[in-house]
1. For region 52-71, what are the residues that are surrounded by 12 or more Cβ atoms within 10 Å (Cβ to Cβ) and either within 9 Å of the chain's Cα centre (by Cα) or polar (S, T, N, Q) (or both)?
2. Hey, could you check region 1-51 for residues that are of a type in the set (D, E, K, R) and assigned to a loop (DSSP other than H, G, I, E, B) and say which is nearest to the chain's Cα centre (by Cα)?
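The values are calculated or read from the model by the stated rules, or taken from the named source; none is laboratory data. Here the structure is a predicted model, which means the values were calculated and not measured. Cβ atoms come from the backbone with ideal geometry, glycine included; neighbour counts cover every protein chain shown. Side chains included, ligands, DNA and RNA excluded: accessible areas come from the protein's heavy atoms. Shrake-Rupley method; radii C 1.70, N 1.55, O 1.52, S 1.80 Å.
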Amino acid sequence: MIRIVFDKDNNKSIAYDENIEIGECNFIENNDFWNIIHTEVNESHKGQGIARKLVECIIENSKIYNKKLEATCSYAKKIICNI
């Protein structure tokens, strides 16, 4: 089972399959903004919607922490533009 964890201290969301890290989405905090800069999932787990869940985790937490979002990551940018 895939588990998504938000790690604010390290500015990322992380995907785990059991206890093995299989992907992450990183952001940079700049005052009132979080800029999502990179999203990556291991080759063996691609095509399962994990990257989307990683980005959505950051989106959900940006609301909790009252941060505006932007993305230089092309994948995250597509998702943010559709919310």
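1. Residues satisfying the conditions are Arg52, Lys53, Leu54, Val55, Glu56, Cys57, Ile58, Ile59, Asn61, Ser62.
2. Ranking the qualifying residues of region 1-51, first place goes to Lys46.
Every residue, every condition in (1) of a type in the set (Lys, Arg); (2) at pLDDT below 95; (3) open to solvent by 20 Å² or more (accessible area, probe 1.4 Å), yes or no:
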residue	(1), (2), (3)
Ile2	no, no, yes
Asn11	no, no, yes
Tyr16	no, no, yes
Ile20	no, no, yes
Glu24	no, no, yes
Asp32	no, no, yes
His38	no, no, yes
Cys73	no, no, no
Ile80	no, yes, yes
